[in-house]
1. Mind listing which trypsin sites (Lys or Arg not before Pro) in segment 26-118 are in a DSSP loop and have 10 or fewer other Cβ atoms within 10 Å?
2. Could you tell me which of THR75, PHE25, CYS65 has its Cα farthest along the dipole of segment 10-199 towards the positive end, charges placed at Cβ (Lys, Arg +1; Asp, Glu -1), taken about the Cα centre?
3. Can you list which of the trypsin sites (Lys or Arg not before Pro) found in segment 202-274 are DSSP loop residues with at most 16 other C-beta atoms within 10 Å?
4. What number, in percent, do you get for the relative contact order of the chain if the mean sequence gap of Cα pairs under 8 Å and at least 6 apart is divided by its residue count?
5. From the backbone phi of segment 258-274, what are the Karplus-calculated ³J(HN,Hα) couplings (6.51 cos²θ - 1.76 cosθ + 1.60, θ = phi - 60°) in whole Hz, Gly and Pro given as x?
6. Kindly flag which residue pairs out of LYS212/LYS236; LYS9/LYS94; LYS150/LYS197 have an alpha-carbon separation exceeding 21 Å in this structure.
7. Give a residue-ordered list of calculated ³J(HN,Hα) values for segment 308-313 (Karplus: 6.51 cos²θ - 1.76 cosθ + 1.60, θ = phi - 60°; whole Hz; x for Gly, Pro).
8. Could you work out [θ]222 nm for the chain from helices alone, using -39500 (n - 2.57) per DSSP H run of at least four and dividing by all its residues? Round to the nearest 500 deg cm²/dmol.
Amino acid sequence: MNFDFSLKKNLLAFSAGVDSSALFFMLLEKGIPFDIALVNYGTRENSDTEEEHAKELSEKYKLTCHTIKAAKFTTHFEKNAREFRYSFFEKLIKEHNYDTLITAHQLNDQLEWLLMRLAKGAGTSELIGLEELSQREGYRLIRPLLEYSKDELLHYLQINNYPYFVDESNSDERYERNRFRKQFSDSLIDKYKDGIKRSFEYLKKDKKSLEKEFEVLYTEKEFRVIKLHSLTAKVKASDLALKKLGYLLSAQQRKEIENQNSLVIGGKWAIELQNNLLYIAPYIAIDMTKKFKELCRTKKIPKKIRPYIFQENINIL
């Protein structure tokens with residue numbers, strides 16, 4: 001793990017499963033300070049036991065343990081669970097002034113993402129969805145295990161006799177990610193792990209090269225201004241910005257962005273191109289003062305973007 005955590009206040013997303021348990025003990029071994037946060041979805045037999053295990057570990061190693069019980073999600077479990085989880089993490093980050101959120105995504109997760117996006121139609125930037133370092137609103141998201149396979153992490157736990165739980169829901173093929181895991185990614189990692197690791201290294205270098213075509217000029221809350229060095233980068237810049245905001249574009253939506261300079265995606269996101277500046281903000285409809293609208297007009301702020309700037313009192317004018 002080649003990351004400097006020493007001067008940071010770190011929060012580990014913990015589940016008591018193989019990945020986060022391995023990361024927990026790796027951080028301890030390296031003397032990295034951190035606290036943990038666990039979401040109890042109450043969907044499995046071991047859910048409460050895992051929560052108690054997290055609390056016991058924290059007490060043993062003198063860490064702070066934050067836990068929460070999630071609501072029962074009757075539809076779109078993966079999406080709703082992820083939104084609930086990150087909302088909880090970000091609430092903790094604001095309340096306790098954490099600098100980083102550390103997650104235990106690993107090589108198998110990275111391959112699952114690539115295969116799922118490949119099946120739906122995606123370019124290089126979209127295929128590499130998991131990054132080691134990502135700047136989020138008010139914190140850095142760090143994924144230090146992306147070069148480790150699931151088996152390597154399991155081996156590490158076993159040889160050190162460290163405790164962990166196996167999440168039986170990971171084999172439930174009602175969830176798309178589990179289907180890709182069981183039918184494709186795990187067997188590919190087993191047979192071609194070293195080659196897959198090298199491929200991700202090359203793809204990440206390619207992605208960095210491609211992203212030189214634009215730069216983020218301004219970010220506040222969910223508002224972004226991106227300078228395009230090439231107008232052909234409009235779709236790529238939009239896709240990456242929205243991904244960091246938690247929204248994944250479909251192939252059809254990417255076509256709409258390519259063909260239009262002012263549009264609303266999914267009824268939620270306003271995207272407007274003005275000269276070489278790309279504006280992205282939540283799409284809302286509210287009344288604004290005449291003074292504010294006139295100021296936006298003189299400053300050439302696109303119309304669909306203005307309501308969010310007004311509502312959030314964002315000072316870019």
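Derivation of every value follows stated rules applied to the coordinates shown; laboratory data play no part. Computed from a predicted model, the values in this text were never measured in an experiment. Ideal geometry is used to build each Cβ from the backbone, glycine not excepted, and the neighbour counts take in all protein chains shown.
1. Numbers: sites: LYS30, ARG44, LYS55, LYS60, LYS62, LYS69, LYS72, LYS79, ARG82, ARG85, LYS91, LYS94, ARG117; in loops: LYS30, ARG44, LYS62, LYS72.
Qualifying residues, ordered by number: LYS62, LYS72.
2. Toward the positive end, the furthest listed residue is THR75.
3. Counting only loop positions with at most 16 other Cβ atoms within 10 Å, the trypsin sites (Lys or Arg not before Pro) in segment 202-274 are LYS221, LYS268.
4. So the answer I get is 13 percent.
5. 4, 9, 10, 9, 8, 7, 10, 9, x, x, 10, 10, 8, 10, 9, 10, 10
6. Among LYS212/LYS236; LYS9/LYS94; LYS150/LYS197, the Cα-Cα distance tops 21 Å for no pair.
7. Each residue of segment 308-313 in turn: 5, 4, 5, 4, 8, 6 Hz.
8. Dividing the helical sum by the residues of the chain leaves -13500 deg cm²/dmol.
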